[in-house]
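The values are calculated or read from the model by the stated rules, or taken from the named source; none is laboratory data. What you see is a predicted model; the values in this text were computed from it and never measured. Cβ coordinates were reconstructed from backbone atoms using ideal geometry, including for glycine residues, and neighbour counts include every protein chain displayed.
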């Protein structure tokens, strides 16, 4: 059986931001893929279920919260880990994310915090499935930090 990199979907209408994040994820050993609209990201998620979605809130046509509702309707994506990456610091946005069971990171993102979060989300996803064991061994130190 071959090893597959954990698939992380980046959804942000700011092309540079989405592309930079996807590139960084690839450098960290993830299969990061950028999409610039909720609609395009939903098509991608319907073809290949992401383990994690990093999501901007303010996007034209479909905001981040609307995207979450549509993603949760896709078969296999009902429990996909989602983390908002946004500059919005309002209590109402934070509360809405918490009520939807999704994480929230503020822009600019602390990269060490993001790396620990991603490791934790991947470990949680893979606890009952050893598909990504080589990835977990490769990142054993980060995984130890994530479990603390």
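Data table
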{"quantity": "Failed item in (1) surrounded by fewer than 19 Cβ atoms within 10 Å (Cβ to Cβ); (2) touching a helix residue (DSSP H, G or I) at 6+ places or on another chain (Cβ under 8 Å); (3) modelled with pLDDT of 90 or more; (4) closer than 17 Å to residue 8 by Cβ, with residue 114 passing the rest", "calculated": "(2)"}
{"quantity": "Yes/no for residue 115 being touching a residue at least 12 places away in the same chain (Cβ under 8 Å), on the phi < 0 side of the Ramachandran plot and outside any strand (DSSP E or B)", "calculated": "yes"}
{"quantity": "Index of the failed condition, residue 125 passing every other in (1) assigned to a helix (DSSP H, G or I); (2) modelled with pLDDT under 90; (3) surrounded by fewer than 17 Cβ atoms within 10 Å (Cβ to Cβ)", "calculated": "(3)"}
{"quantity": "Matching residues, the stretch 68-96, being part of a helix (DSSP H, G or I), touching a helix residue (DSSP H, G or I) at 6+ places or on another chain (Cβ under 8 Å) and over 20 Å from residue 40 (Cβ atoms)", "calculated": "96"}
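Conditions (1) in contact (Cβ under 8 Å) with a residue 24 or more places away in the chain; (2) surrounded by 15 or more Cβ atoms within 10 Å (Cβ to Cβ); (3) more than 25 Å from residue 24 (Cβ to Cβ), marked per residue:
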| site | (1), (2), (3) |
| --- | --- |
| 41 | yes, yes, no |
| 76 | yes, no, yes |
| 80 | yes, yes, no |
| 83 | yes, yes, no |
| 92 | no, no, yes |
| 95 | no, no, yes |
| 109 | yes, yes, no |
| 120 | yes, yes, no |
